[in-house]
Amino acid sequence: MSKHTAATTGSLIDKGRKALAKNQFSEAGAFFEEAVTESPRAHEAWYGLGEVALAIGQADTAVTFLEEAVKLQPEKIKYLLKLGELYSRIGLGKEGIKLIQAARRAKSRDADILCSLAGAYVRLGNWQQAEKVLQEVIRLPKPLSAHFCLLGMAYQQLGKPDEALTAFQQATAKAPRYPDAWLSLGHLYLDRHENDKVKTCLEKLFQLVPTLSTTLELAGDFEWVCGNTREAANFFRQAAESAPDDPRIHAKLAVTLVLCGDAIAAIDAMERAHELGVSEDWILEKLGALFVTKYWTPMARENLEMAVERNPDNISAWTTLLMVYVRMGESDKIRKTADTILLKDPDNVYGLMSLATWHNDQGRHKESLECLERARQKDAKLRIIYSKMLWTMLSASSSSALDILGIARAMDDNLLKALRRANDFAERDRNPERKIRIGWLSSDLRNHPVYAFVQPFMGHFNQAQVENYIYYNFSVEDALSQEIKAEVTQWRVVNDIGDDALADLIEGDEIDILMDLNGFTDGSRTEVVARKPAPVQVTWLGFPGTSGMSAMDYIFIPPDPMLEKRDWCSETPWPLPDCYGARSDISAAVVEPGLPCERRQTPFTFACFNHFRKGSEKTIEVWSRILVALPEARLILVAIGGKDDETIRYFSSQFEQYGVKPEQLIFRGYIARLAYYEQYNEVDLGLDPFPFNGGTTGYDSIWMGVPFVTWPGEHLAARMGKAVLENVGLNELVAASADDYVNIAVALANDRERLKALRVGLRERMLASPLLDGPRMARSLEEAFRGMWRRWCDSNHTGKQDA
C-alpha cells in the first residue's frame, strides 16, 4: 500500500468513525466501504462496516464484516470481543465463547471482557460458569453496581436466593442512584413476600425513574400480590403506555383487568398482547378466566377447553379449567384434569389442591389431606391451601379439634399475623353506651345460604343503638341483596378494592365491630380482617370453625358449655342466648302427613342431604351398622357425580365393606331447589353426618317435618345438629356415642308410632322457636355487641379482649 493510499484510507476511516459517532449510518457506511475498496486489508474499515451493520439491525451482514476484520487482525481484542458477542447473540454460543476467551487471554483482568463472557454463558444457559466469571469480576478493583446486579441474577437462576439478596444489597450500597439495583432488589423482596422492603425499593425507584416501564411494572406486581387488583391495573396501564411494544406488560394488564371485571378493556389488552406475539391459547385462557369471574361458566368452559386443545402444556389454562369443572360438579373431569396437570408438573400446587378436592368430594379425607400437605410443603405462603385443609379437617374422623386449631394457627403465623396493623384506635370514642357502628363483610348477601341467616334480623335492630355498614364483596347484586340494602345505613361494593384500600375504608368509616361472615369461604377477605381495621372483630356463619387468627377477637357459638371452654378455638367464644342463627322462612313446599314409608308403601327410608364429602369414615361405619340392622331399610345420599356409575360404585363400596347391600343405597346429584325440599317427603328419619354436622340442611329437615339423629363432637361444626334439635324439643335424638346413635335410629325405625309422634307439628314448633325468630336474634346480637363494646372500652386496648 502506498503512503498516499494509506493516508487516504486512514482519512476515510476517521470520517467514518465521526459519522458513526453521530449515528449517521449511511454516511459512515459509505466512508468505510470506500476505505476497503481503496485498501482491502484495512481491518479497521471492515470493523467499522460491522458496527454500522449492527447499528441498522443487519446481524448476518455484520458477521461477514467482523469475520474479515478478525481474519486480518486476529490479535485485536475489540474485534475478538465484538464478533464473540455477536456469535453469542445469534445462537453460535460456543464459537462466541471461544473468541471472547481469546480476548480474555490477552487481557485477563478486563471487567468488560469478563462480563461479555458471563453474558455468553448465560445465553447458553450455563449459569454455573456465568457465576464463576462474575465472581472474578467483583474481585477486581472497584467493581461496579451493575456487576453485583449481574451476579445476583446468576444466583437467582441457580436457586441461591440468600446470595442473590446479598449481591443486590451490595449493588444498591455501591450506587444508591442506580435504578437497576433497586429494581432487582425489589423483585427479589417481592418473591420473598417481604412487602415492607418492596415498598422501600419502589420509593427509591419513583424518586429516580418514576415513569420507567420497569418501575411501573414492579409497582403493578406489588399491588397484584397485595390483592389490590384495581391499583395493579392502573400501574400496568401506565407501564403499557411507557412501553407500548412490551407483550409481557400488556399481558399483565389484561389479567388484572379480567379480575377487575373490566371486560372491554381486558379484551383490548389481550388483543394488543396477541398482536405483540402472545399465543392464542393464552388469549383463550384469559377470556376463560374473565368468564369465570363473571360466573359465565359455560363460556368459561368453552374458551378454556379450546386453550388446552391448542396448547396441552398450558398449565395455567388447565388449572382454571379445573375451577370450572369443580363449579359444575363434574367429578370425572375434575380427576382427569388434576391427573393431567400433575403428570406434566408433579409438584403443581393447584393440581394437588384440585386432586384434594376430588378426594374430598368422595369422602376420601385422608387422601385429600395428604395432597394438601404436599401442596403446603411446596408453598407454605398460599392461604387457599390452609383454607382447603381446614374445610377438609372439619369432616375428617382423624382430625381432632386441636389438629384443626393447629393448622389455623399455622396459617396465621405463616401468612396473616404479619399483616396486622399497629393501630390502638386511640382516637375512637370509648363511650361504652354510645351508638355502635357494625361492619358486615360478606360476599354472600344474595341468593345464598348466608343471606337466609342475615335477612331475618337486619331490619330489626334498634337504630338508636346500632347502625350497620355492609361491605359487599361480590360483583352482582340480586333482588335479595336489595332487600338487605334497604335496611342498612351504608352499602359498599368492595370486590374491586384491594386489601389495604378496603382496610383503610373500614378504618375511615370508624367501624367499631367488624363481622366477618365469610371466614374461609369463596369471596372471603381474610387478608383485610388480618389487618385489624376495627377495634373488635367477630367471625360468624361462613366458616363453622376457628379462624386461628390473632386479629379475630370473638366467635359466635350456640349456647353450649362444651364450646364455651375455648380449647377448640383461638378466639373468645361468645354464646348467643338461644341458637347459632335465625333463618328466614325456608320454602313453601308442603309437608305431607304421616310416615312416607306407610303413605308411599316403600321401605323405611333414612336420608342425609348434606354433600357426601361430610361422610367421614366413622359416619359410613355407623350408618352401615344401622342399615345392616335394618336390611329392608334404605338410605338416600347426595354427592357430586351422584348419577355417575363409577362414582356410585365407589360410594357403594364404602358401605358394602360393612355388609350393606347395594340396593339399600340411593345416590342423587344436585337438584333444583323446590325438588330438593319435596324430596324430604320421601324420608322417614334423617341422619346427621359427623363430625361435620349439617347446618342449613338441619333447618331444612326440621322445616319439612323430618327429625334427625345427631352425635355431637368437640368443635363448632360438630355440634350444629344438637343446637337445632334442642330448639324444637328433640333432645332425645342427640346421641352420646356411636352406639347410642345406632340404637336411636334403629329404635325409631322399629317404633313407628313414636316416630310419628316426634314428627307431628314439627314445622309449627320450629315457627314458634328462636330458629326462625329474626327480631329475637336482633335483640341477641345487640346485647352481644354491647357486651363486646363495653369490654373493649374497659380494656387497655393493646391486644385481644380477655374473656
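The values are calculated or read from the model by the stated rules, or taken from the named source; none is laboratory data. Note that the coordinates shown come from a computational prediction; the quantities given were computed from them, not determined experimentally. Neighbour counts run over all protein chains shown; Cβ positions are idealised from the backbone, glycine included. Side chains are part of the model used for accessible areas, which takes the heavy atoms of the whole protein and leaves out ligands, DNA and RNA. Shrake-Rupley method; radii C 1.70, N 1.55, O 1.52, S 1.80 Å.
Hey, can you find the accessible area per residue of region 436-508 for me, probe 1.4 Å, expressed in square angstrom?
37 Å²
Return the whole-Å distance between the Cα centroid of region 98-171 and the Cα centroid of region 387-415.
46 Å
How far apart, in nanometres, would the label points at E194 and T602 be if each is projected 7 angstrom from Cα along the Cα-to-Cβ direction?
6.4 nm
Just want the answer: with Cβ charges of +1 for Lys and Arg and -1 for Asp and Glu, which residue in S397, Q169, P603 is farthest toward the dipole's positive end in the chain?
Of the candidates, Q169 comes out farthest on the positive side.
Name the shape class, rounded, prolate or oblate, that the alpha-carbon gyration tensor gives for region 586-690, where a ≥ b ≥ c are the square roots of its eigenvalues, rounded holds for a/c under 1.5, and otherwise prolate holds if a/b is larger than b/c and oblate otherwise.
Oblate, since a/c reaches 1.5 and b/c is not below a/b.
Could you tell me, in Å, what Rg and Dmax come out for the Cα atoms of region 450-600?
Using the Cα atoms of region 450-600, the pair Rg, Dmax is 18.0, 62 Å.
Given charges of +1 on the Cβ of Lys and Arg and -1 on the Cβ of Asp and Glu, with all other atoms neutral, how large is the dipole of the chain about its Cα centre, in debye to the nearest 20?
Here the size comes out at about 1840 debye.
Quantify, in whole percent, the carbon and sulfur part of the accessible surface of region 615-773 (1.4 Å probe; protein heavy atoms only).
With neighbouring chains kept in place, the figure for region 615-773 is 51 percent.
Report the extension gain between D751 and N462 in nm, rounded to one decimal, defined as 0.36 nm multiplied by the number of residues separating them, less their alpha carbon distance.
Gain on extension, D751 to N462, equals 99.2 nm.
Ranked from highest to lowest mean number of other Cβ atoms within 10 Å per residue, what is the order of the peptides 774-784, 529-539, 605-615?
Top to bottom by mean Cβ count within 10 Å: 529-539, 605-615, 774-784.
Amide H to amide H under 5 Å from G498: which residues, 5+ apart in sequence or cross-chain, H placed 1.01 Å off N in plane?
The list, which skips near neighbours in sequence, is T229, R230, E231.
Kindly provide the pair-distance distribution of the chain built from C-alpha pairs, with 20 Å bins from 0 and whole-percent values in order of increasing distance.
Values per bin, smallest distances first: 13, 38, 28, 14, 7, 1, 0.
Hey, can you grab everything whose amide H is under 5 Å from the amide H of G594? Only 5+ residues off in sequence or another chain; H modelled, so Pro and N-termini drop out.
Placed amide hydrogens put nothing under 5 Å from G594.
HN-Hα J couplings of region 39-52 from phi, Karplus 6.51/-1.76/1.60, θ = phi - 60°, integer Hz, Gly and Pro as x?
9, x, 9, 7, 4, 5, 6, 4, 5, x, 4, x, 5, 5
Evaluate the relative contact order of the chain (contact order divided by residue number), counting alpha-carbon pairs under 8 angstrom at least 6 apart; express in whole percent.
7 percent
What number comes out for accessible area per residue over region 232-362 if the probe is 1.4 Å? Units Å², please.
43 Å²
Mind listing the long-range amide H neighbours of T489? Cut-off is under 5 Å, sequence gap 5 or more, other chains count too, H placed in the peptide plane at 1.01 Å from N.
Result for T489 returns N468.
Carbon and sulfur: what percent of region 132-205's accessible surface (1.4 Å probe)?
Within region 132-205, the accessible surface is 52 percent carbon and sulfur.
Does region 239-318 come out rounded, prolate or oblate, given a ≥ b ≥ c as the square roots of the eigenvalues of its C-alpha gyration tensor, rounded meaning a/c under 1.5 and, failing that, prolate meaning a/b above b/c?
oblate
So what is the accessible area of region 155-198 per residue, in Å², with the probe set to 1.4 Å?
52 Å²
Number of Lys pairs in region 1-107 with C-alpha atoms less than 15 angstrom apart, excluding same-chain neighbours closer than eight positions?
Pairs that pass both the separation and distance tests number 10.
Which order do the peptides 648-654, 492-498 take when ranked by the mean count of other beta-carbon atoms within 10 Å per residue, highest first?
Ranked by mean Cβ neighbours within 10 Å, highest first: 492-498, 648-654.
With each label point set 7 Å from Cα along the Cα-Cβ vector, what nm distance links I671 and A265?
4.6 nm
What value, in deg cm²/dmol to 500, does the helix sum -39500 (n - 2.57) over DSSP H runs of n ≥ 4 give at 222 nm once divided by the residues of the chain?
When only DSSP H runs of four or more count, the value is -18000 deg cm²/dmol.
Contact order normalised by length for region 616-686, with contacts defined as Cα pairs under 8 Å and 6 or more residues apart; what percent is it?
38 percent
What ranking, highest mean first, results for peptides 698-711, 299-312 when packing means the other Cβ atoms within 10 Å averaged over each residue?
With the highest mean Cβ count within 10 Å placed first, the list reads 698-711, 299-312.
Quick one: Karplus J couplings for region 301-317, per residue in order, coefficients 6.51, -1.76, 1.60, θ = phi - 60°, nearest Hz, x for Gly and Pro?
4, 4, 5, 6, 5, 5, 4, 6, 5, 6, 9, x, 9, 7, 4, 4, 5
Which shape class applies to region 113-176: rounded if a/c is under 1.5, otherwise prolate when a/b exceeds b/c and oblate if not, where a ≥ b ≥ c are the square roots of the Cα gyration tensor eigenvalues?
Oblate is the answer for region 113-176, as a/c is 1.5 or above yet b/c matches or exceeds a/b.
When the accessible area of region 446-563 is computed with all protein chains present and a 1.4 Å probe, what percentage of it is carbon and sulfur?
The nonpolar share, carbon plus sulfur, comes to 45 percent.
Compute the distance in nm between two label points, each set 7 Å from the Cα along the Cα-to-Cβ direction, one at T61 and one at N731.
9.8 nm
Please name which of Q73, P575, L284 has its Cα lying farthest along the dipole of the chain towards the positive end, using unit charges on Cβ (Lys, Arg +1; Asp, Glu -1) and the Cα centre as origin.
Sorting the options by dipole projection puts first Q73.
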